1. Using only the C-alpha atoms of the range 302-369, find the volume of their convex hull and express it per residue in Å³.
2. Quick one: which of Lys270/Lys321; Lys264/Lys354; Lys321/Lys355 span more than 23 angstrom between C-alpha atoms?
3. Could you work out the Rg to Rh ratio of the range 247-369, with Rh taken as the Kirkwood radius (inverse of the mean 1/r over all Cα pairs)?
4. Sort largest first and round to whole Å: the equivalent ellipsoid semi-axes of the range 262-325, each the square root of five times a Cα gyration tensor eigenvalue.
5. With all protein chains present and a 1.4 Å probe, how do Glu363, Glu328 order by accessible area, largest first?
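The values are calculated or read from the model by the stated rules, or taken from the named source; none is laboratory data. These numbers come from a predicted model, not from an experiment. Side chains are part of the model used for accessible areas, which takes the heavy atoms of the whole protein and leaves out ligands, DNA and RNA. Shrake-Rupley method; radii C 1.70, N 1.55, O 1.52, S 1.80 Å.
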Amino acid sequence: MKYILFIASFNAFFFLILLLQKKPKFLHDRIFSIWLLYLGGITGIYAFSMEYLFNTPLLSSIIIAMFLLNGPFLYLYVSTLTFNHTRFKTKNFWHFAPFAAFIFYLIFASDFPAYSERIRIGHDSDTVAETPILYLFFLVLTALSGPIYFVLAQRQFHKTKESILNFSSKDFELDWLGRLIPAFGIIWTSLVISAVFHLFSMSFCINGLMLSLSAFIILIGYFGLKQIGVFVNFSDEEAKDPIIETENPPSKLKDDALEQCFCKIDDYFKTERPYLEPDLTLPKLAESLNVPHHHLSQVINDVYGQNFFDFINKYRVEEVKNKIVDPEFDKYSLLGIAFESGFNSKSAFNRVFKKFTNTTPSEFRDSQR
């Protein structure tokens, strides 16, 4: 087991080095960097100290307190993926308050030997009454933190998934994270419940938690290395393009100019069909139209009443519907038609198509037949 922990710790620091070489400028990348530092640190410390850990109650308590950090890191990483924020909000520091309170409590308790001797990790039913109530409170808080944050992270993941066009794309595919969160959450919660109700020994449960963390490190590294946008920068041209439109600029078009820009966009889409390009972004489209991207954004928002991604996806969905009823595409699969219409992943295609039509692609095809 020790070698597995060392491998996981090494992997975490290796991935951290890759991420730092990327020179992360977005908040989710910086959170990921600190998260990797935490994962590498906790697995490494545990690997070095596991032989005498349970004979040192305060040290083992510090390890348990560090479990309070994984949930907040996971939740904040997922929640900051939606927008390319660059600043950490002050309110987000409250997620780390339980960990800080637990550590301060342990530091305070260490100054009172008679009190600290009552702190036990592997306590049995005969010694529960001697365990400080405040310490039991922090143990319960640690037990609840994991499941709660996994639920919050999963909910936020689905919100993020709905907010980002082509969430599953060839460059930045994150569906693996949506599968990893509940799987890891179930394992984590099962081990915590086993520890609370003494179904297994405390050492078995903590070892299980550390092994699950090790597996989590290896998996996020494996999937992350397969994605261009996680550990490696996009090309210079792509790096200028935001993943999602975040705000409208102060300068706006007047009514006449707005109508002219609208007509220009409408004509361009009818003749050139730029939505067939899978990697189309707002700046790229603005460059093709030779209009400022904030003016393009204003027309899409004010005239069409949509954000950029819904605007493009609606054209792609209509393209799919036209191709489904076109005999020329009878030999194409639905996924083949989706790729021909500008989509670049199966999951994004199914999600977007149902969003605009309230039916699945296969149901729509069957209804046309």
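1. 85 Å³
2. Correct reply: Lys264/Lys354.
3. 1.02
4. They are 20, 12, 11 Å, listed largest first.
5. From most exposed to least exposed: Glu328, Glu363.
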